[in-house]
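Asks: If you scroll down you'll find the structure; I have some questions about it.
The values are calculated or read from the model by the stated rules, or taken from the named source; none is laboratory data. These figures come from a predicted structure and were not determined experimentally. Cβ coordinates were reconstructed from backbone atoms using ideal geometry, including for glycine residues, and neighbour counts include every protein chain displayed. Note: areas computed on protein heavy atoms with side chains; ligands, DNA, RNA excluded. Shrake-Rupley method; radii C 1.70, N 1.55, O 1.52, S 1.80 Å.
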Amino acid sequence: MTRVAAVDLGTNTTRLLVADVEEGHLREVARRLQITRLGEGVDSTRRLSPRAMARTGRALAEFRRLADELGVERALAVATSAVRDAEHGSAFLTQVEQDYGFPTLLLSGNEEAYLTFQGVAFGRAIEPSTLVVDIGGGSTELILGGPQGISFHRSIDLGSVRMTERYLASDPPSPQEIARLAEEARSLLPPLRPRAAIGVAGTVTSLAALDLGLVEYDPERVHGHILTAASVDAQLKRLAAMPLALRRRVPGLQPQRADVIVAGAVILREILRPGPVAGPA
């Protein structure tokens, strides 16, 4: 048995998973999540800001302490859209290795899509022509596959942080801003017609929690919830009508996600035209 740690340096969220691995089986030991917004401003500046790196560094310091306390033997930190886009992304990863002792790996968009599908398919049967949807802060991964593996995958520069910064300047967002964002999303999305879909990551899980009417987020109830296109549209209209201060107080929604959840919901609504997404994984 080997105790391992995986760190996800996402555009919006930094995550840690500690697990025991033995003969192809995985047993979760600990899981942590912090919204660090590493990709703040990257879309326009192509730079990771000092504040964003400092926020992420504080999360990594906490994750390093926990990994050491739990006796982690092997660890890896993977970086995605924000670090891919940043001109000094490789220097940031070198700093992560030096300061926090996590070996790092920068994933390409295609690698991110492939690993997303592998994570969803681990330990479960995937129906033919299933679309896996991963809406992140900087990019969205779409992977079509089934029991025989992946037949299509694409990483698109269409994320909740990126699109909020580009289009949603008003508080609350104006109908015109939302319409422009939706038009951009439609122009980037490929013409896929899956039989089923599975959604992962913060946008989908947050909308599922809101659809369930949860006062506090409960992963056990969110997991496997069927989130229809109509439900997504209803939550989008509700959230988009609120100023940010009110969205931060919506039960079941993490306050740190309140500023980007509208953009994420627009992206998901466009992906779901038409049909349901079964989620989250």
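Asks: For a quick check: with amide H placed at 1.01 Å from N, whose amide H comes under 5 Å from His88's, ignoring anything fewer than 5 positions away on the same chain?
Replies: Under 5 Å from the amide H of His88 lie the amide H atoms of Leu48, each far enough along the sequence or on another chain.
Asks: Still on this structure, please answer the following. Sorted from largest to smallest, which semi-axis lengths in Å does the alpha carbon gyration tensor of the stretch 1-148 give for its equivalent ellipsoid, taking the root of 5 times each eigenvalue?
Replies: 25, 22, 11
Asks: Let me ask something else about it. In Å and whole numbers, how far do the C-alpha atoms of the chain stretch along each principal axis, longest first?
Replies: For the chain, the Cα spread along each principal axis is 49, 43, 36 Å.
Asks: Antiparallel DSSP bridges in the stretch 75-212: what percent, to the nearest 5?
Replies: 60
Asks: While we're looking at this one, here's another question. Hey, got the Cα dimensions of the stretch 1-71 along the principal axes, in Å, largest first?
Replies: The Cα atoms of the stretch 1-71 stretch 45, 23, 14 Å along their principal axes.
Asks: Mind checking the dipole of the stretch 1-130: about its Cα centre, +1 per Lys or Arg Cβ, -1 per Asp or Glu Cβ, Debye to the nearest 20?
Replies: Taking the Cα centre of the stretch 1-130 as origin, the dipole is about 440 debye.
Asks: Moving on. From the phi of every residue in the stretch 79-88, what ³J(HN,Hα) in whole Hz does the Karplus formula 6.51 cos²θ - 1.76 cosθ + 1.60 yield, where θ is phi - 60° and glycine or proline is x?
Replies: Couplings: 10, 10, 4, 4, 6, 4, 7, 6, 4, 10 Hz.
Asks: Take the alpha carbon atoms of the stretch 110-151, find their radius of gyration, then divide it by 2.2 N^0.38 Å using N residues; give the quotient.
Replies: 1.08
Asks: Right, here's the next one. Taking only DSSP H segments of four or more residues, each worth -39500 (n - 2.57), what value at 222 nm results for the chain once the sum is divided by all its residues, to the nearest 500 deg cm²/dmol? Walk me through the numbers before you get to the answer.
Replies: Values: 12 runs with 118 residues, N = 281.
That calculation yields -12500 deg cm²/dmol at 222 nm.
Asks: Two decimals, Cα atoms only, Kirkwood Rh: what is Rg/Rh over the stretch 78-219?
Replies: Radius of gyration relative to Kirkwood radius: 1.00.
Asks: Tally the DSSP beta bridges in the chain and give the antiparallel ones as a percent, rounded to 5.
Replies: 70
Asks: Sticking with this structure for a sec: Sequence-distant or interchain residues sharing an amide H contact under 5 Å with Gly136, placed H: which?
Replies: Result for Gly136 returns Glu141, Ser160.
Asks: Projected area of the stretch 50-110, taken from the Cα convex hull and averaged over every viewing direction, in nm²?
Replies: 4.4
Asks: Rounded, prolate or oblate: which one fits the stretch 140-238, using the alpha carbon gyration tensor with axes a ≥ b ≥ c (rounded when a/c is under 1.5, else prolate when a/b beats b/c, else oblate)?
Replies: oblate
Asks: Just the accessible area per residue of the stretch 136-271, please: how many Å² with a 1.4 Å probe?
Replies: That works out to 45 Å² for each residue.
Asks: Another question about this same structure. Just need log10 I(q)/I(0) for the stretch 135-189 at q = 0.12, 0.16, 0.28 Å⁻¹, Debye formula, equal scatterers on the alpha-carbon atoms, no solvent, rounded to two decimals.
Replies: These q points yield log10 I(q)/I(0) values of -0.35, -0.54, -1.08.
Asks: Also, I was wondering about something else. State the percentage of accessible surface on the chain attributable to carbon and sulfur atoms; use a 1.4 Å probe and exclude ligands, DNA and RNA.
Replies: Within the chain, the accessible surface is 51 percent carbon and sulfur.
Asks: Could I ask something else about it? Check Leu106: other-chain or 5+ apart residues with amide H under 5 Å from its amide H, H built from backbone geometry?
Replies: Correct list: Ala79.
Asks: Short version: ³J(HN,Hα) in whole Hz for each residue of the stretch 27-32, in order, from phi by Karplus 6.51 cos²θ - 1.76 cosθ + 1.60 (θ = phi - 60°), x for Gly and Pro, what are they?
Replies: 10, 5, 10, 7, 9, 9
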